[in-house]
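First the structure, in the form of structure tokens, and then the observations on it.
The values are calculated or read from the model by the stated rules, or taken from the named source; none is laboratory data. In this text the structure is predicted, and so the values were computed from the model without any measurement. All Cβ positions, glycine included, derive from the backbone under ideal geometry; neighbour counts span all protein chains shown.
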């Protein structure tokens with residue numbers, strides 16, 4: 001007969017043997033094929049892959065003037081596998097001028113996979129970046145003493161002029177998120193962080209190259225592998241030409257010194273941005289090198305927010321410059337015509353609502369209304385449009401038509417400029433007011449007709465409005481870059497966007513803006529040798545009004561459209577008009593007249609005092625000192641109280657622990673034997689007082705009394721007497737306390753009767 005148990009054992013043993021073989025095969029596969037550690041180790045002994053970084057593309061202005069270029073820099077790379085056990089740390093630190101602690105920290109950060117996920121001990125890792133020429137030359141002489149360390153040549157950005165920092169942006173080391181988004185980057189690489197550098201990063205960065213070098217058994221480089229057959233040459237980045245005019249940009253930054261705001265100038269036919277000023281600004285040269293982190297932190301903490309590009313990120317009420325868009329809407333929709341006149345008695349007055357206005361002739365037509373910037377005219381126009389039930393069935397329908405006109409002009413959404421961080425502004429619709437108000441009517445939203453209320457635009461959108469008017473009804477998406485080397489611009493920067501307004505309506509608006517320059521609110525604008533159309537704006541806010549200007553020139557063949565926005569600048573004629581007209585003159589004529597140059601110098605020196613920039617008065621300083629002293633006293637008292645509370649808590653904890661220990665000791669003792677314990681007199685007294693006050697009648701208290709009575713029986717007679725006296729005192733005190741607790745019902749007569757009874761008893765005795 002067959003032994004089936006033996007057969008089963010054979011099967012089990014065979015399965016175990018097969019399993020062991022499979023495990024070994026899988027492990028060998030993982031080590032030799034799936035994992036590349038051994039291959040890297042072998043390759044690192046024979047080859048050195050040296051990365052060659054390409055030169056980043058240069059940036060020039062529209063006239064070919066250099067704005068951004070490259071300067072050579074040097075990084076120190078390390079292969080930790082080659083360095084281990086072969087480095088004189090002290091000599092290395094002296095060569096670089098660093099401490100040993102700094103050296104160890106850098107190595108720790110390199111090996112930390114949380115900070116450096118791509119770490120490998122067989123590949124080059126960044127140890128120190130951006131060495132100067134002096135530091136590099138000193139280190140290169142001793143490089144042979146430090147195995148595992150190599151020099152990596154690369155380039156850093158340099159700026160010809162300190163303009164325009166928010167537009168150009170900066171370049172910095174990649175973050176972990178950058179590495180995760182694009183596998184092109186490795187730790188230690190550089191990437192554009194802001195502005196053009198970020199938007200056109202893929203064009204500017206180029207493509208990295210690789211050199212494969214042969215090494216001998218001692219790690220010495222012997223030359224290129226197969227004479228560079230497998231090397232990859234770096235591809236330099238593409239050069240960019242901007243639409244900016246460097247001289248115009250420099251003048252704008254001069255004029256905006258000491259002021260918060262923005263200037264945007266656009267070439268109407270092409271949409272190219274001629275100037276983009278955001279004030280305050282910063283020097284882009286400070287954003288390179290080892291001090292970049294400190295400088296960036298200071299800029300971030302600055303209350304003036306210089307890192308904020310107000311030209312595309314600032315959302316402001318446009319003020320009276322917005323009236324031009326309203327005129328186009330009313331005229332195209334047939335709400336007004338050439339013969340329409342509206343009364344303005346120092347503003348719009350209707351059903352108890354008053355919107356103020358300055359003194360001027362009344363009634364007015366459209367052209368003089370734009371020239372004098374009449375609030376009443378445009379309030380009446382919006383009221384008649386939203387109230388027209390013959391043309392629009394409901395109020396929501398009328399509001400939707402109005403909003404569609406605004407959106408067609410580039411408001412309410414991003415224009416799509418080739419810069420990161422653009423904001424959309426705010427154009428309300430019917431649903432917005434349905435949500436904001438339970439019931440609303442044209443009078444509820446009348447302020448939007450004059451660029452106030454819920455309407456917000458960016459300075460870029462205001463400048464684009466000027467370009468749209470100059471083009472008689474169309475605009476090209478504004479863009480910074482004019483030309484990319486070896487590449488065409490995106491089609492969206494070439495398309496014309498036609499608005500809903502008619503050509504006739506734009507001609508009427510242009511006539512009003514020209515009249516404003518001749519004798520209206522823009523009468524002080526300079527325009528030597530060319531025609532100018534302009535519109536002022538005064539935007540109300542919580543502080544002083546904002547000064548706004550929008551215009552273009554020449555009128556017949558527009559070359560420049562501009563928007564100026566100065567926070568807390570007052571009337572539009574105070575800052576907006578002179579700054580805007582000087583900028584237009586600089587671009588059209590190429591220079592300023594001597595008189596206008598003097599005006600520009602005067603405007604440069606005119607600074608506006610903002611709340612965060614005002615110097616402290618004596619009263620403010622005394623108040624701050626007193627507050628500081630009070631806070632110091634409060635802090636000291638708080639610390640004292642904390643110390644006292646901590647001491648009390650420690651005492652209570654100690655007493656609690658002692659009590660628990662005593663209870664544990666009592667539980668350990670047998671019940672038939674009395675607990676022998678000698679306590680000090682003070683502790684006995686405190687216990688007695690506590691018992692008198694608390695009147696503890698629990699079982700534990702009774703057991704303690706019984707134990708004490710047993711102890712008293714063993715004490716001498718004198719002690720018994722003292723204990724008896726103490727017990728009597730206790731009983732008397734308890735009786736007195738009970739008597740106190742009982743309500744006093746007995747009267748004086750009852751007390752007298754009791755005393756008489758006692759006397760009679762005594763007499764009887």
Item checked: Any helices (runs of 4 or more DSSP H) falling wholly within the range 50-111 and containing at least 1 residues that are touching a strand residue (DSSP E or B) at 6+ places or on another chain (Cβ under 6 Å) and touching a residue at least 60 places away in the same chain (Cβ under 8 Å) -> none
Margin query: Looking at residue 346 and the list (1) surrounded by fewer than 24 Cβ atoms within 10 Å (Cβ to Cβ); (2) on the phi < 0 side of the Ramachandran plot, which single condition is not satisfied?
Written below: (2)
Notebook entry, point to check: Quick one: is residue 411 surrounded by 16 or more Cβ atoms within 10 Å (Cβ to Cβ), closer than 20 Å to residue 502 by Cα and in contact (Cβ under 8 Å) with a residue 40 or more places away in the chain?
Noted result: yes
Item checked: Options 271, 219; residue that is modelled with pLDDT of 95 or more and on the phi > 0 side of the Ramachandran plot -> 271
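Rundown of residues vs (1) part of a helix (DSSP H, G or I); (2) out of contact with any helix residue (DSSP H, G or I) (no Cβ under 6 Å at 6 or more places or on another chain), yes/no style:
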residue: 322; (1), (2): yes, yes
residue: 339; (1), (2): no, yes
residue: 349; (1), (2): no, yes
residue: 371; (1), (2): yes, no
Next item on the list: Would you check if there is a residue in the range 521-533 being part of a strand (DSSP E or B), in contact (Cβ under 8 Å) with a residue 40 or more places away in the chain, closer than 16 Å to residue 321 by Cα and touching a helix residue (DSSP H, G or I) at 6+ places or on another chain (Cβ under 9 Å)?
Entry: yes
Margin query: Considering only residues that are in a loop (DSSP other than H, G, I, E, B) and under 13 Å from residue 506 (Cα atoms), which ones fall in the range 324-337?
Written below: 337
Margin query: Can you find a residue that is buried (at least 18 other Cβ atoms within 10 Å of the Cβ) and under 14 Å from residue 67 (Cα atoms) anywhere in the range 139-160?
Written below: yes
Notebook entry, point to check: Is there a residue being touching a residue at least 60 places away in the same chain (Cβ under 8 Å), in the same structural domain as residue 558 (by TED's automatic domain parsing), farther than 15 Å from residue 271 by Cβ and not in a strand (DSSP E or B) anywhere in the range 470-482?
Noted result: no
Note to self: Take the conditions surrounded by 18 or more Cβ atoms within 10 Å (Cβ to Cβ) and either free of Cβ contacts under 8 Å to residues at least 40 places away in the same chain or not in a strand (DSSP E or B) (or both) and apply them to residue 569. Does it pass?
What the structure shows: yes
Note to self: Give all pairs with beta carbons closer than 9 Å in which a residue from the range 353-365 that is in contact (Cβ under 8 Å) with a residue 40 or more places away in the chain and in the same structural domain as residue 327 (by TED's automatic domain parsing) meets a residue that is surrounded by 11 or more Cβ atoms within 10 Å (Cβ to Cβ) and part of a strand (DSSP E or B); count only pairs at least 6 apart in sequence or on separate chains.
What the structure shows: 355/347; 355/348; 355/349
Checklist line | Test: residue 114 is within 31 Å of the chain's Cα centre (by Cα) and either more than 30 Å from residue 252 (Cβ to Cβ) or outside the structural domain of residue 237 (by TED's automatic domain parsing) (or both) | finding: yes
Notebook entry, point to check: Which of the strands (runs of 3 or more DSSP E) contained wholly in the range 204-292 include at least 3 residues that are in contact with a strand residue (DSSP E or B) (Cβ under 6 Å, 6 or more places away or on another chain) and surrounded by fewer than 22 Cβ atoms within 10 Å (Cβ to Cβ)?
Noted result: 209-215, 221-224
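Look through 423, 390 and report the one residue that is in contact (Cβ under 8 Å) with a residue 60 or more places away in the chain, assigned by TED's automatic domain parsing to the domain that holds residue 338, part of a loop (DSSP other than H, G, I, E, B) and surrounded by fewer than 20 Cβ atoms within 10 Å (Cβ to Cβ). Spell out the reasoning first.
On the way: 390 fails: in contact (Cβ under 8 Å) with a residue 60 or more places away in the chain.
Of 423, 390, the one residue that is in contact (Cβ under 8 Å) with a residue 60 or more places away in the chain, assigned by TED's automatic domain parsing to the domain that holds residue 338, part of a loop (DSSP other than H, G, I, E, B) and surrounded by fewer than 20 Cβ atoms within 10 Å (Cβ to Cβ) is 423.
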Next item on the list: Identify, from the list 196, 163, 179, the residue that is outside any helix (DSSP H, G or I), crowded, with 18+ Cβ neighbours inside 10 Å and in the same structural domain as residue 55 (by TED's automatic domain parsing).
Entry: 163
